[in-house]
Structure formats: structure tokens, C-alpha cells
Amino acid sequence: MFEQLLNYEIYNGHTVGDYLSLEFLAGIAGSILGALLLLVVGMMIAGWVGRRIRAIGLRYQSLDDTLFNFLANIARYAVLAFTVLIILNTFGVQTTSIVAVIGAAGLAIGLALQGTLSNIAAGVMIILFRPFKIGDFVEVAGKSGTVKDISLNYTELADLSNVQVIVPNSQVWGNIITNYSTNQMRRAEWTFGVGYGANLKTAEEVIRNTIMSDPRSLTDPEPFIQVNNLGDFSVDFLVRVWVKSADFFQYQADMKRKVKEALDEAKVDIPFPTRTILNAAE
């Protein structure tokens, strides 16, 4: 009975005994060990290639780290895929047919995951064209915050309250992107109103001296401080001053308070709407 089982033909003239022979088992063990060795070497090479590409981005400050992280991941997965194909070849697997099957499966998966693939396509465009980078303060898809991460599927922001905001890349790339960090300087703008009875020359000097005495105020380009409007209750000064982008938000808030306090100290009237109510009996 046992001999009959050993002589039972399984595949292409090979019997059970052939597959249980020491020679065959040794060959299988050798192939497995060889495959494991190839896999380990492939993973080491993939990791080394990824690290080298990332190191190029870190070495030169003018290069975008996000782009080189993306390229490093692509290179790493390409090396791993090539390693898997070599391992399959060692076991006699026809890789051409596998590639064809993967292609057909990829088409079916692509049709089922159109939304996800659109995010990936948008992520590639963001990484390649770099409308913003990690650390920039941006407004995208109606959300604003500091960019914390850019992946193939989504962009991660931290808003002004340090709350995590995840925006799909398709919504980022398909909408208007406002990057507040691209330019080194920004122009702050205010409107300060004084009463019609106020001395305009004195008011202008107070506003100019208060703002330009702040070390954050830039003199080049020149500031713009002039009467811009004669309102119902006030004479309005339009003030535009350039400042470094990193100082913009706090600077703009500080100047509003400082100018108000300086005008009060100089006894310059700051008007507010008033209403006169007449007695019906008069």
C-alpha cells in the first residue's frame, strides 16, 4: 500500500516518491533559503536606496524634502517589486503571466477606487509642483493651518487651535490654494478714523511715529499713511506697512492697540456713531 502511494503519479510523470526524496527536499530547502537571502538583500538595497535619496534632499536646503521623500518611497517599492519578481523566477514561476494578471486586476481595482486614485494623482501633482511645503501656513478647501504632512492621499494641517485637519488631496489640488508663507514679506493694512475736528497733521504724525517705532516695521518698501476717506463720522487714514511674514499676525494686532493708545494720549478725538433723539413733545 505504501509503495503504491509512493509510485502514484502526481504531475508531469513525477510520483509522490519523487517529491519526498532527499534530493528533491534538499533542492526545495535550497530554493527557500536562496529566496529568503534574496529577500533580505533586496530589502537592504531598497532601504539603502531610499536613505540615499532622502539624504540628497536633506543635504541641500534649496531642495524640497517632501519631493525627495516621495521619490525615495517610489524607488524603495520599485526595488522590492523587482526582488519579488526575481524570487518568483527562482521557483520557475512565469512572471510575464503574473504581470498580465496584475495589470488586469489593477484596471478593475482602479475603476472601483476612482476617488482614491484621484487623491493619489492629486498628491503626485502637489509633490511635483510644490504649491506649498511642510511648515507653510496655507488656506486650502476652506481650511487654513500649518502644513504638517503631505502624503499621496491627503494633506495634514494644524489649524490655529492646533487641531488636526485632514484634507483629501483631490480637494486641495482642485481648489484655490492660498500660501501665506511663500513670500518673505507681507503688507499689513489698517484704517484709523479721527474726528472732523482733529488736527490731521498731528494725527498722521502720531500714527506714523507709533507704527514706525516698532522694530518689526519695514522702511523698504516705504509705508503708506494718508487720508483715504471722509466718512459720516470720521476722517479715515489708510495705513499700509510692510512686515516680515513670520511677524504678520501678531504685528497687525499689536499696532491696532498701540495706535489707539497713542491717539488717546495725544488727545486726538476718535469718533464713534452718535444718535440724537428728539422729544416728540417739543
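What are the pairs with Cβ atoms under 9 angstrom where one residue, in segment 252-273, is in contact (Cβ under 8 Å) with a residue 24 or more places away in the chain and more than 10 Å from THR210 (Cβ to Cβ) and the other, located anywhere, is part of a helix (DSSP H, G or I) and open to solvent by 40 Å² or more (accessible area, probe 1.4 Å)? Sequence gap at least six, or different chains. Within 9 Å, the pairs are VAL268/THR202; ILE270/LYS260; ILE270/ASP264. When you scan segment 223-242, how many residues do you find that are among the aliphatic types (A, V, I, L, M) and open to solvent by 80 Å² or more (accessible area, probe 1.4 Å)? Matching residues across segment 223-242 total 1. Listed conditions (1) open to solvent by 40 Å² or more (accessible area, probe 1.4 Å); (2) at pLDDT 75 or above are all met by TYR60, apart from (2). When segment 196-222 is limited to residues that are open to solvent by less than 30 Å² (accessible area, probe 1.4 Å) and at pLDDT 90 or above, the one that is farthest from the chain's Cα centre (by Cα) turns out to be ALA203.
Just one of (1) of a type in the set (Val, Ile, Thr); (2) in contact (Cβ under 8 Å) with a residue 12 or more places away in the chain; (3) assigned by the TED database to the domain that holds LYS260 fails for THR219. It is (2). The number of residues in segment 160-195 that are without any contact (Cβ under 8 Å) to a residue 24 or more places away in the chain and open to solvent by less than 80 Å² (accessible area, probe 1.4 Å) comes to 2.
The values are calculated or read from the model by the stated rules, or taken from the named source; none is laboratory data. The model shown is predicted, which means the values in this text are computed figures rather than measured ones. Cβ: placed from backbone, ideal geometry, glycine included. Neighbour counts: every protein chain shown. The area values use the complete protein model at the heavy-atom level, side chains included, leaving out ligands, DNA and RNA. Shrake-Rupley method; radii C 1.70, N 1.55, O 1.52, S 1.80 Å.
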